[in-house]
Structures are given as C-alpha cells and as structure tokens.
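A.B. asks: One structure follows; several queries about it will come next.
The values are calculated or read from the model by the stated rules, or taken from the named source; none is laboratory data. Predicted model, so just to flag it, every value in this text is computed and none were measured. Reconstructed Cβ throughout: ideal geometry from the backbone, glycine too, with neighbour counts over all protein chains shown. Heads up: the accessible areas ignore ligands, DNA and RNA and are worked out on the full protein's heavy atoms, side chains in. Shrake-Rupley method; radii C 1.70, N 1.55, O 1.52, S 1.80 Å.
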Amino acid sequence: MTEPLHPGATIGILGGGQLGRMLSVAASRLGFHCHIYEPGAAPPAGHVAARVTTAPYDDLAALRAFAQSVDVITYEFENVPTASLDALEAIRPIRPNRRALAVSQERIAEKDFLTGLGLATAPYARVTDGETLQEAIARIGTPAILKTTRLGYDGKGQARIMAPEDAAAAWAAMNGAESVLEGFIDFSHEVSVIAARGLDGSVACYDPGENVHRNGILHSTTLPARLSPSQRSDAVLIAARILNALDYVGVLGVELFVTPRGLIVNEIAPRVHNSGHWTQAGCAVDQFEQHIRAITGWPLGDGTRYADVVMENLIGADVDKIPALARDRNTQIHLYGKAEVKPGRKMGHINRVIRGLT
Ligand code: AMP
C-alpha cells in the first residue's frame, strides 16, 4: 500500500495497553477502526477499539486471521516473536518496519546500530557468563550496569555493579540470560525526543522533554527541557538521523543522557512513548494522531509546541489523587480504565498546562 488509507479502513494494533488505547482513540477521531490483538483478558484498549482478538503472540492461526481483517499493522509492544511477525508481514504491511523492531528488541543490536551511525552510546560489552562479565568489567570498569539484552523495560532485568565484587550477584540476577554490560554515564539529566517519519519520508520532531524516573519508572516529563539551543538541535538531529537510517514509518522515542561531553543515546523505542504524552496538551497534533497519520500514509502534523507542559504518571495508588487533580482547571486527566490498582502499575497520567503562548 502506498496510497493513503481512507477513513473506514481498519488498523491492527499488537498490544492492548494504554498506548494501544490512546492510539485507538486517535485513529477513531480520523475515522479509522481499530482491531486490537492482545493475549491478556480485558485490555484497556478494548474499551475504545472496534474489535479485540484475545490470543497468545505465538498463535499463528489467530495472527493470520487478525492480519486478514486489517489494512495495516502497528504495535504498542515491540517484543513480538519473529515467527509471528513473519506470518503477519506475509499478509499486511507492518509499520514501523521489521528492522526497527529487530534493532530495538535487542540491546546489543541497538547499540551496534547507533554507534554505526556515529552516535554516542555508553561503552558496552556482551556478557554470556561469569568469565565474559569479568572481561567486560576489566575493559569498561565500574560503576557499570548489567542489563539483559532482551525483554527489559522500566528498569527490569538490570543490576548495578558499583565495584568488581558485585559481579557475581549481578550475574545471578540475570538468571542466565544473555546480557550487556554498560559503563555508567554520569549524566546531569535525561531527555527524550519523540519524532515521526511519514510514508513519503518527511520528518517531524517534537521538542525534547526532560524526564525524571522513580524506581526505574518514568515519573514526569517537563517541557521545556533544560537544554541549550545547540543541545536541542543536536537532540532533534539525532532522532531524524535514526528515522532516516531505518527508513522508518511512524512515531519513535529516543532517550538521551545529557552530559558535559554531549548527548548520549540510552535507547530507542519504535512506538509512541510515555515521555511523549505531553504532546496531548502541548501540540496541535499529538504523538498518537501523528503515529496514525504516518502509518496510514497521511501527511504528518506539525510538531510545534504551543505551551509549557508537565506530564506526570499516575502510578498505583496515585489514582487516589484524581478528585483533587480534577479541581485544577489546567490539568488534563487521562485514565487507562485498568480495573485493578497495583504498586508500580501505570494507571493514568496528567498533563498540566503551565503556560500557553503569551
Ligand atoms: P533503561 O531501561 O536502559 O532505559 O534504563 C532505565 C534507567 O536506568 C535510565 O532511564 C537511567 O536513569 C538509568 N540508566 C540506564 N543505563 C544507564 C547508564 N549506562 N548509565 C547511567 N544510568 C543508566
């Protein structure tokens, strides 16, 4: 498909969490239908999508039936097995493409790709056992962070190595999974760029946001980020470089460490990103609509920011603050419709508009 999809077409989304939910809302505003594919029961996206398939990610028959029922396939969850992607791609286009998925699913492939583009990352080395960990520590030094190469998110599958004596405990924490040792970056703060590339190759980047994590989970994103004008343009150029190198279609998140020696890429996410939720209150076209526009071949919206915004995640019992937050007339509230409150679970977020254009 190179022609734009018309309203009435169906978008298939792998994953039915809050990102799938907000993508479905944006798609429905443009007149599209969404079909969610999600293994878990009662997914948040199910409340707002036209159709839901409940099946595991390795159920090839269910995946094929899903692909037949949609016009294009996207995802909010990037750890879909390769064989499943093969089955889907034989039937409908997957956007963003397989290369973007392959690069972001595996931390070493990701770092090899980024350094191949001439971008700075933390020093890194592959670790497969206690011996290769010792070699990696000898090369990279401490402090360092050991991370599983696959399936890590929100700080899971990570162990800090402050001194060489911590090595055995850190390796034990990986449960035998192939890992990467990363040198510890002494950063002043963390920022991310949310950027999009259309089917025609056009690129639109949002202003970088400044991220604060608590317990490995994103707590807040503040716009504007503390960046000099040259750091801001560096951040945007890094994102554009990655998009073009991957021949990417859709929205991408790039997490960066800010250091006195420049910006260092932490990781990339080939999808809409939690640190891009502020665009719902700061821009004419938010990241969710932008992603839908890109994958359906529509022109991209403008990424210009019209307000200073603070996004805060509502994690676990933070949802108890909703009645008080609802009294603040400049606060936009997003709840994900998750029935059960659990510690560490993302229940919703707020966008506080601090100041519009004066
Ligand atoms: P990640 O899952 O790789 O995004 O890591 C989660 C968080 O851990 C990051 O947002 C950073 O705050 C911290 N972190 C990860 N890698 C490094 C590193 N190489 N140096 C310093 N801090 C890191």
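A.B. asks: Which of the residues spanning region 185-238 are part of a loop (DSSP other than H, G, I, E, B), of a type outside the set (Ser, Thr, Tyr) and open to solvent by 40 Å² or more (accessible area, probe 1.4 Å)?
C.D. replies: Of everything in region 185-238, those that are part of a loop (DSSP other than H, G, I, E, B), of a type outside the set (Ser, Thr, Tyr) and open to solvent by 40 Å² or more (accessible area, probe 1.4 Å) turn out to be 186, 187, 199, 200, 215, 224, 226.
A.B. asks: Sort out which residues of region 130-144 are open to solvent by 40 Å² or more (accessible area, probe 1.4 Å) and either outside the structural domain of residue 160 (by TED's automatic domain parsing) or farther than 13 Å from residue 160 by Cβ (or both), and write them in order of number.
C.D. replies: Correct list: 131, 134, 135, 138, 139.
A.B. asks: Of everything in region 322-358, what is surrounded by fewer than 13 Cβ atoms within 10 Å (Cβ to Cβ) and of a type outside the set (A, V, I, L, M, F, W, C)? Give them in sequence order.
C.D. replies: Result: 323, 327, 328, 329, 340, 342, 343, 344, 355, 356, 358.
A.B. asks: Show the residue pairs meeting these rules: Cβ distance below 7 Å; 6+ apart or different chains; first residue within region 210-233 and away from the ligand (no atom under 14 Å from the Cβ); second residue open to solvent by 40 Å² or more (accessible area, probe 1.4 Å).
C.D. replies: Cβ pairs passing all conditions: 223/305.
Residues are listed down the side, and each one gets a yes or a no for (1) within 16 Å of the ligand (Cβ to nearest atom); (2) farther than 16 Å from residue 242 by Cα; (3) part of a loop (DSSP other than H, G, I, E, B):
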{"site": "87", "(1), (2), (3)": "no, yes, no"}
{"site": "103", "(1), (2), (3)": "yes, no, no"}
{"site": "110", "(1), (2), (3)": "yes, no, no"}
{"site": "125", "(1), (2), (3)": "yes, yes, no"}
{"site": "133", "(1), (2), (3)": "yes, yes, no"}
{"site": "138", "(1), (2), (3)": "no, yes, no"}
{"site": "142", "(1), (2), (3)": "yes, yes, yes"}
{"site": "170", "(1), (2), (3)": "yes, yes, no"}
